[in-house]
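Quick notes on the structure that follows.
Bear in mind that the values in this text are calculations on the coordinates, not laboratory data. Keep in mind that this is a model prediction, so the values were computed, not measured. Here the Cβ positions follow ideal geometry from the backbone for every residue, glycine too, while neighbour counts run over all protein chains shown.
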Amino acid sequence: MARALSTTPPICISHFIPLACLPIKFRKVENKIKSGASTSAPKGQKSPFNYVIKALILATSLHVFHNKQYIHPKIILFLYSIYMYTGLELVMALVASLARAFLGVDFEPQFDEPYLATSLQDFWGRRWNIMVSRILHPTVYDPVRRISRRMIGNRWAPLPAVLASFFVSAVMHELIFYYIGRTKPTWELTCFFLLHGVCLAVEIMLKQAFVGKWRLPAAVSGPLAMTFVAVTGLWLFLPSLLVRCEADVMAYREYLAFTEFMKNVSNFVKANSLLNQ
């Protein structure tokens, strides 16, 4: 265990604790500066303008929430899917900024513009929730692939490994949603991930069958992949999030609590400043 957590060269305790306790992976900012490497934004880190646009998009969620009874339910689901992505990315960007300021480290990005994916393999493997992908790869995908290689050969070994990874992801999400909503699972989440696992396995098979031959251009495969993600997400994923967990109601309640907390802090600071005058 100690050897698994040890590093060469040794790292300070403020870096070791988050590495040991959290499923994160980060790059050291100091090393880039000392080595004279380029200080440009690392791959996956967005420009401030990109975050401003996403913050403005997320800001419309309150208006949509207060008027959702006048909007078609399918449109509500589609808008909430956009808010979920922009909210997650902004929260992760805030956490990364705090880590950069207080720990002197730069987190690996968790999203890489998933709406620009050119295939399901590109979406799940390189663009969406990269942290989870990097956790599942050594813990589920690689072991299952090694076992499958002995039985069905190296060419088709990735297929059961992909299905196993999506099954584990489905179980993880069912547990998370149960913890949030405290309701019995309805298995839409499991169906969502298994469907994507099967479709991704088929995509890998087709790529291997047509390797070096014909392949859809990215301008066609990208919209097809994102349409599939959007349709299946609206059909199976988001209803579980909103109906079982009432995520929008919970998010609005947390927003009100945070707003009230900030008002109390502001009033406390003002009162102290008046007393000190």
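At-a-glance table
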{"item": "Overall form of segment 113-245 per C-alpha gyration tensor (a/c, 1.5; a/b vs b/c)", "result": "oblate"}
{"item": "Given charges at beta-carbon only (K, R positive; D, E negative), |dipole| of segment 124-230 in Debye", "result": "400"}
{"item": "32 Å Cα-Cα threshold exceeded, pairs from Lys68/Lys263; Lys68/Lys270; Lys74/Lys184; Lys54/Lys74; Lys184/Lys263", "result": "Lys68/Lys270; Lys184/Lys263"}
{"item": "Listed peptides 219-230, 259-270 by packing density, highest first (mean Cβ within 10 Å)", "result": "219-230, 259-270"}
{"item": "Calculated FRET efficiency for the pair Ala257/Arg126, C-beta based, R₀ 41 Å, to 0.05", "result": "0.70"}
{"item": "Segment 94-158 - Rg and Dmax from Cα coordinates, angstrom", "result": "16.1, 50"}
